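**Student:** A single structure is presented below for examination.
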Amino acid sequence: MTEKILEIKGLTKEYRMGQVIVHALRGADFSIYEGEFVVILGPSGSGKSTILNICGGIDIPTGGQVLYRGTDISSYKPKQLTQYRRTAVGFVFQFYNLIQNLTAFENISLSAELSGSPIPPAQLLEQVGLDGRGGHFPSQLSGGEQQRIAIARAIAKNPDLLLCDEPTGALDFSTGVSVLRVLRDFNTEYKKTVAVITHNAGIADMADRVLQVRDGLIESVTVNEHPLPPEEVSW
């Protein structure tokens, strides 16, 4: 096994809703390794999106540690977390979140400007199969095209870790597969770590490892000896 890029120890997260305390995470322990494609799988409400938000520095835990390359980011001050999100992590969400008054190329370029070692936006447009669509605005693109632009934007700053929350959730099967291909290509071509959070068990077949989340805990960890290419997964 390669070096750990993230190590999670005893992670807890509690939310207060009036007089009720909701335990989203109950002491989760797991690691994510350099260069792997990992799927974090679980039903709605299991805590998997909370894991992504905390690992990405969007949220802070109630307890436990989040070690990024050995440094505990859970103790970071807001400015340090901003720098971590800016340089180390890329995010892909279910609903694209593109800036509507910027073209596809401009959306990607905006992210590239945050990095000291960006991947050229024109190169990324070609890699996601949209080199002829860079001048189009999000409203002129299909859902699958918007998601591919969102992925290109996330990886333009050349992050160590790409965190994806239900990236195919709003897409039909064939479009979803094309999006998964872009994610796998980023993982293999750039030797980067990709973590996909999903409730879709079919996507787990393409992962190097699968972390099963249930009731705020990591229920099991499965290693895929022979991950399938995206074109062979089904759901």
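The values are calculated or read from the model by the stated rules, or taken from the named source; none is laboratory data. In this text the structure is predicted, and so the values were computed from the model without any measurement. For neighbour counting, all protein chains shown are included, and Cβ atoms are generated from backbone atoms with ideal geometry for every residue, glycine included.
**Student:** Can you report the number of residues in the range 58-88 which are of a type in the set (Gly, Ala, Ser), assigned to a strand (DSSP E or B) and surrounded by fewer than 17 Cβ atoms within 10 Å (Cβ to Cβ)?
**Tutor:** Within the range 58-88, residues that are of a type in the set (Gly, Ala, Ser), assigned to a strand (DSSP E or B) and surrounded by fewer than 17 Cβ atoms within 10 Å (Cβ to Cβ) number 1.
**Student:** Moving on. Kindly provide the set of residues from the range 30-49 that are touching a residue at least 60 places away in the same chain (Cβ under 8 Å), farther than 10 Å from ILE218 by Cα and not in a strand (DSSP E or B), ordered by number.
**Tutor:** GLU34, GLY35, GLU36, PRO43, SER44, SER49
**Student:** Does ARG133 satisfy being more than 17 Å from the chain's Cα centre (by Cα) and of a type in the set (Lys, Arg)?
**Tutor:** yes
**Student:** Return the residues of the range 208-217 that are crowded, with 22+ Cβ neighbours inside 10 Å and more than 17 Å from ILE8 (Cβ to Cβ); say none if nothing qualifies.
**Tutor:** Correct list: empty.
**Student:** Out of the range 182-197, which residues are of a type outside the set (Asp, Glu) and within 15 Å of ALA154 (Cα to Cα)? Can you show your working first?
**Tutor:** Going residue by residue through the range 182-197, those that are of a type outside the set (Asp, Glu) are 182-184, 186-188, 190-197.
Of everything in the range 182-197, those that are of a type outside the set (Asp, Glu) and within 15 Å of ALA154 (Cα to Cα) turn out to be VAL182, LEU183, ARG184, PHE186, ASN187, TYR190, LYS192, THR193, VAL194, ALA195, VAL196.
**Student:** Hey, among LEU98, LEU110, LEU52, which residue is farther than 30 Å from HIS199 by Cβ and in contact (Cβ under 8 Å) with a residue 40 or more places away in the chain?
**Tutor:** LEU110
**Student:** Continuing with the same structure: Name the single residue, out of those in the range 6-29 being farther than 17 Å from VAL221 by Cα and of a type in the set (Val, Ile, Thr), that is surrounded by the most Cβ atoms within 10 Å (Cβ to Cβ).
**Tutor:** The selected residue is THR12.
**Student:** Still on this structure: Taking the stated definitions as given, is VAL210 over 27 Å from THR82 (Cα atoms), in contact with a Gly (Cβ under 7 Å, 6 or more places away or on another chain) and of a type in the set (A, V, I, L, M, F, W, C)? Step through it out loud before you land on a result.
**Tutor:** Numbers: over 27 Å from THR82 (Cα atoms): yes; in contact with a Gly (Cβ under 7 Å, 6 or more places away or on another chain): no; of a type in the set (A, V, I, L, M, F, W, C): yes.
Taking the combined requirement at face value, the residue does not satisfy it.
**Student:** Which strands (runs of 3 or more DSSP E) sit wholly inside the range 89-199 and have at least 1 residues that are of a type in the set (Val, Ile, Thr) and surrounded by 15 or more Cβ atoms within 10 Å (Cβ to Cβ)?
**Tutor:** Numbers: elements: 89-92, 161-165, 193-198.
Because the criterion is at least 1 residues that are of a type in the set (Val, Ile, Thr) and surrounded by 15 or more Cβ atoms within 10 Å (Cβ to Cβ), the strands (runs of 3 or more DSSP E) in the range 89-199 that meet it are 89-92, 193-198.
**Student:** While we're looking at this one, here's another question. Consider SER117 against the criteria (1) over 29 Å from GLY45 (Cβ atoms); (2) in contact with a Pro (Cβ under 8 Å, 6 or more places away or on another chain); (3) small (Gly, Ala, Ser): it satisfies all of them except one. Which criterion is unmet?
**Tutor:** (2)
**Student:** Same structure again: Between a residue in the range 67-83 that is free of Cβ contacts under 8 Å to residues at least 12 places away in the same chain and any residue that is assigned to a helix (DSSP H, G or I) and surrounded by 10 or more Cβ atoms within 10 Å (Cβ to Cβ), which pairs come within a Cβ distance under 8 Å, given they are 6 or more apart or on different chains?
**Tutor:** GLN80/ILE73
**Student:** Could you pull out the residue among LEU141, LEU163 that is within 16 Å of the chain's Cα centre (by Cα) and at pLDDT 95 or above?
**Tutor:** LEU163
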